[in-house]
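To start, the structure itself, in structure tokens.
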Amino acid sequence: MAVVKIIIEKSKDHFSAYAESIEGIYGGGNTIDEVKKSIIDSIALFKEFNTDIPEELTKEYTFSFVFDTKSILEYYGSIFTRAALSRLTGINEKQLGHYIQGLHKPRKDKAAKIEKALHNLGNELLSLELV
């Protein structure tokens with residue numbers, strides 16, 4: 001199965017997205033859910049109106065969504081408080097606030113630390129069972 005990598009970024013006004021390896025696939029929206037739907041619609045239109053379809057879109061494919069750190073922290077900011085994100089990542093609240101507001105961009109190691117913490121949380125949630 002092919003994987004189509006979609007890059008999602010937050011601008012001042014909205015979210016935007018593009019397919020990393022396929023020219024002409026773009027989307028936008030006010031929320032992450034809207035931008036995901038927009039990208040799916042963009043691919044459908046691309047396939048409908050183009051004759052030269054990239055190989056990864058001619059077979060079964062799935063998406064890999066890649067976020068800039070600001071976007072993902074802002075998105076999860078409606079789910080987790082900064083204090084919770086700080087406990088989860090080990091990065092202090094003030095620094096997380098700078099990343100969320102776009103005042104600073106995290107170094108590669110800090111972005112990796114945030115990503116790992118979110119993945120660990122996801123894995124932990126997937127492994128639990130309620131009775």
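Please compute the per residue accessible area over the chain with all protein chains in place, 1.4 Å probe, rounded to a whole number of Å².
Numbers: 8790 Å² over 131 residues.
Value for the chain: 67 Å² per residue.
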Measure of exposure for Glu55: accessible area at 1.4 Å probe, Å² rounded to 10, is 120 Å²
For Asp68, the residues 5 or more places away or on another chain with a placed amide H closer than 5 Å to its own amide H are Ile8, Lys10
Measure of exposure for Asp41: accessible area at 1.4 Å probe, Å² rounded to 10, is 70 Å²
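Rank Thr31, Thr81, Thr69 by accessible area, highest first, at a 1.4 Å probe radius? Show your work: numbers first, answer last.
Details: Thr31 60, Thr81 85, Thr69 30 Å².
Listed by decreasing accessible area, they come as Thr81, Thr31, Thr69.
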The answer for the net charge of residues other than Ser71 whose Cβ lies under 11 angstrom from its Cβ, with Lys and Arg +1 and Asp and Glu -1, is -1
Expected field for Tyr61, accessible surface area in Å² at 1.4 Å probe radius, rounded to 10, holds 70 Å²
Going through Lys5/Lys94; Lys47/Lys116; Lys36/Lys105 one by one, the pairs whose alpha carbons sit over 29 Å apart turn out to be Lys5/Lys94; Lys47/Lys116
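In the chain, carbon and sulfur make up what percent of the accessible area (probe 1.4 Å)?
Numbers: 4520 of 8790 Å².
The nonpolar share, carbon plus sulfur, comes to 51 percent.
How large is Rg over Rh for the chain, taking Rg from the Cα atoms and Rh as the Kirkwood inverse mean of 1/r across Cα pairs?
Numbers: Rg = 17.0 Å, Rh = 16.4 Å.
Rounded to two decimals, Rg over Rh is 1.04.
The values are calculated or read from the model by the stated rules, or taken from the named source; none is laboratory data. Small disclaimer: the values here were computed from a predicted structure and weren't measured. Every residue, glycine among them, receives a Cβ derived from its backbone with ideal geometry; neighbour counts consider all protein chains shown. Surface accessibility is based on the protein's heavy atoms, side chains included, excluding ligands, DNA and RNA. Shrake-Rupley method; radii C 1.70, N 1.55, O 1.52, S 1.80 Å.
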